[in-house]
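The values are calculated or read from the model by the stated rules, or taken from the named source; none is laboratory data. These numbers come from a predicted model, not from an experiment. Note: ideal-geometry Cβ built from the backbone for every residue, glycine included; neighbour counts use all protein chains shown.
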Amino acid sequence: MAGAESRIVRIVDLLLLVAQRVAEVSLGIMAIVMAIDVVGRYLFNRPLNGSDEFIGSLLLLVFFAGIPLATRTGEHVTIDLVTSALTERAQRWQQAAGNLIAAGISLLLMAAAWRKASELARHGDVSLVMGIPQAPLYYFASTMLALNVLVILAVIVLSSRRAKDA
């Protein structure tokens, strides 16, 4: 692998590690908050105020951090009714086309999330009960979608290299 490509892959992998840690910590906190809420609700008739909002915010972090992680490991849900009937070369073209479409959709969603985050930041929108600022959540979603585009492009480059080497 060329030096520049190797550096890019290392940077993307580092960013993915950060996304993974965000997802892990968020999921752990979600579990703790949910357990406290359930115990408080059913044993003491005192639910944890704002837990639904807080858990919802953490869920957004887990979901959007998971998108580039799933892309990198190829763990998306796929339906391959036609793929098995294609030649190996046609399968590579199909994969490349699918990756380019996915990158385009991620770019569109990234731009929409960034616009929404900017709007929320301008208005200072916060959640109703806990006052959680909403703009940073949307900026995070947009950033993870941008990372997903980088991961898709890295996957395209790496798979084309493998195809040439084979």
- [ ] Assess whether residue 57 counts as being under 23 Å from residue 11 (Cβ atoms), among the hydroxyl-bearing types (Ser, Thr, Tyr), part of a helix (DSSP H, G or I) and modelled with pLDDT of 90 or more.
- [x] no
Open item on the list: Quick check on region 69-101: of everything there that is of a type in the set (S, T, N, Q) and more than 21 Å from the chain's Cα centre (by Cα), which residue is farthest from residue 158 (Cα to Cα)?
Closed with: 84
Task: Looking only at region 38-51, and only at residues there that are surrounded by 13 or more Cβ atoms within 10 Å (Cβ to Cβ) and without any contact (Cβ under 8 Å) to a residue 60 or more places away in the chain, the one that is nearest to residue 144 (Cα to Cα) - done: 51
Open item on the list: Out of the residues in region 84-114 meeting the condition of being exposed (fewer than 13 other Cβ atoms within 10 Å of the Cβ) and of a type outside the set (A, V, I, L, M, F, W, C), tell me which one is modelled with the lowest pLDDT.
Closed with: 84
TODO: Only one of these is buried (at least 16 other Cβ atoms within 10 Å of the Cβ), more than 15 Å from the chain's Cα centre (by Cα), under 26 Å from residue 23 (Cα atoms) and modelled with pLDDT under 95: 154, 117. Name it.
DONE: 154
- [ ] Filter region 64-76 down to residues that are outside any loop (DSSP other than H, G, I, E, B) and either without any contact (Cβ under 8 Å) to a residue 60 or more places away in the chain or in contact with a Phe, Trp or Tyr (Cβ under 6 Å, 6 or more places away or on another chain) (or both) and give me whichever is farthest from residue 22 (Cα to Cα).
- [x] 73
Open item on the list: List the residue pairs whose Cβ atoms are under 7 Å apart, where the first residue sits in region 98-112 and is within 14 Å of residue 139 (Cα to Cα), the second is at pLDDT 95 or above and of a type in the set (Gly, Ala, Ser), and the two are 6 or more positions apart or on different chains.
Closed with: 110/142; 110/146
Open item on the list: Checking the conditions here, which among 35, 23 is surrounded by 13 or more Cβ atoms within 10 Å (Cβ to Cβ), aliphatic (A, V, I, L, M) and assigned to a helix (DSSP H, G or I)?
Closed with: 23
